[in-house]
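Data block below; observations after.
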Amino acid sequence: MIMKVPLSSPDIVEKDIEAVVGVMKTRFLSIGPKVVGFEKRMGSYAGTKYAVAVNSGTSALHLIIRGIGIGEGDVVIVTPFSHIASSNCILFERARPLFVDIEEETLNLDADTVEEKLESMSGKELARVKALLVVDAFGQPADWDRFKEVGKKYNLKLIEDSAEALGSEYKRKRAGSLGEVGVFAFYPNKQISTGEGGVLVTDNEELARLARSMRNQGSGESGEWLDHERLGYNYRMDELSAALGCSQMERIEEILEKRAKVAGMYGEKLAEVEEVQVPFIAPYVSKMSWFVYVIRMDRGINRNKVIKYLNEEGVQCKPYFTPIHLQPFYRKMFGYKEGDFPVTEDVAGRTIALPFFNNLKEEQIDYVVEKLKEGIKLVVSE
Ligand SMILES: Cc1ncc(COP(=O)(O)O)c(C=O)c1O
């Protein structure tokens, strides 16, 4: 019998519904107390002085790039192995993403390779590099002490794309607070969801002030509706989303525990599957907040055929991620090609994101693992 197991599934409880319906009964559907409350909660959770809520993680990243003054001709170092927004936000301001390859084990940017790249640059090239945009891939914090060293040495801003890492810790410090500014995102596959939404967290008062203005059409300090001090956008988070976010944050510890339990079960059950490599968590990660559960197939196994088999058997799964530099418009804009970032390409050709969400049941995990084994057997025997 085929069991349908989705890739992800939001975890909405009665209290969440009540919180959203409660907002619908008030006059404030946008620009009201829920966003303010959500920002307080997110800032205190991340351990930063300021939090600015917006309508997506992508918007938060865009406001950061603009807010720290990155513009045409500037260069930002970033990973090619991430959600495309990590790099697109740089293009929004006509700056250039400079990709550097990842570490094979953690899937995060390799600080040594970043340093080598910077060392190899001429003075003129180096002068254009303004920031390191470091992603905590799949929720795992990068090696931030190293990135801080490199950032200091080359006088670069440190942006943390912690969109996938809400609740993770690097040496007991929470993700989001590891660079000068961080981001969380709340699409429904994330640890908590607001439907769509994001938040920027920072100790930098000026950056928070600019982001607050730019998310709201460049409004001025007066807050007057039709006063605009600078170019801005409508990146506001609405009150319904913020109410859902606040309500979800009340269960954050429970949510993270549930996800850790699911990851733990996968880890145990997959230990016996020789052809599969489970996620590696670096020793400096003092707490892992699981965003997705991404395995790697051994080289030589046709990953796409395994995915096809799993999909046919009702298990929704996906390759995660396609390298950003190989997306058609990046190839066209910058001339990137296969072979440019070998570690990223090798890993990206072998990954499978398995179904992963808070309430995934053991019998579903057993089914996924069983079908995975069958799929591998089939592909190997071909
Ligand atoms: C690492 C990373 N950065 C940025 C984003 C963009 O967030 P959003 O989808 O909320 O715009 C995501 C979304 O999944 C992400 O995973």
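The values are calculated or read from the model by the stated rules, or taken from the named source; none is laboratory data. These numbers were taken from a predicted model, which means no experiment stands behind them. Note: ideal-geometry Cβ built from the backbone for every residue, glycine included; neighbour counts use all protein chains shown. These accessible areas exclude ligands, DNA and RNA; they are computed on the full protein's heavy atoms, side chains included. Shrake-Rupley method; radii C 1.70, N 1.55, O 1.52, S 1.80 Å.
Observations, loosely collected:
- Hey, residue 99 within 16 Å of the ligand (Cβ to nearest atom), hydrophobic (A, V, I, L, M, F, W, C) and within 22 Å of residue 138 (Cβ to Cβ) or not: yes
- Boolean, residue 330 is open to solvent by less than 70 Å² (accessible area, probe 1.4 Å), farther than 30 Å from residue 109 by Cα and of a type outside the set (S, T, N, Q): no
- Every listed requirement among (1) of a type in the set (Gly, Ala, Ser); (2) over 26 Å from residue 93 (Cβ atoms); (3) part of a helix (DSSP H, G or I) is met by residue 211 save one, (2).
- Residue match in the stretch 149-163 (condition: away from the ligand (no atom under 11 Å from the Cβ), within 20 Å of the chain's Cα centre (by Cα) and farther than 22 Å from residue 190 by Cβ): yes
- If you check 320, 266, 293 for being open to solvent by less than 70 Å² (accessible area, probe 1.4 Å), modelled with pLDDT under 95 and in contact with a strand residue (DSSP E or B) (Cβ under 7 Å, 6 or more places away or on another chain), only one passes: 320.
- Residue list for the stretch 276-291, restricted to those being among the charged types (D, E, K, R) and more than 17 Å from the chain's Cα centre (by Cα): none
- Test: residue 31 is touching an Asp or Glu at 6+ places or on another chain (Cβ under 9 Å), hydrophobic (A, V, I, L, M, F, W, C) and at positive phi: yes
- Residue in the stretch 173-191 that is of a type in the set (S, T, N, Q) and either outside any loop (DSSP other than H, G, I, E, B) or in contact with a helix residue (DSSP H, G or I) (Cβ under 7 Å, 6 or more places away or on another chain) (or both) present: yes
- Residue match in the stretch 305-316 (condition: of a type in the set (Lys, Arg) and open to solvent by 60 Å² or more (accessible area, probe 1.4 Å)): yes
- All told, residue 118 meets the bar of being under 17 Å from residue 74 (Cα atoms), away from the ligand (no atom under 16 Å from the Cβ) and of a type in the set (A, V, I, L, M).
- Qualifying residue in the stretch 185-200 (condition: open to solvent by 10 Å² or more (accessible area, probe 1.4 Å), touching a residue at least 40 places away in the same chain (Cβ under 8 Å), out of contact with any Phe, Trp or Tyr (no Cβ under 7 Å at 6 or more places or on another chain) and more than 12 Å from the ligand (Cβ to nearest atom)): no
- For the stretch 205-223, the count of residues that are crowded, with 21+ Cβ neighbours inside 10 Å and within 11 Å of the ligand (Cβ to nearest atom) is zero.
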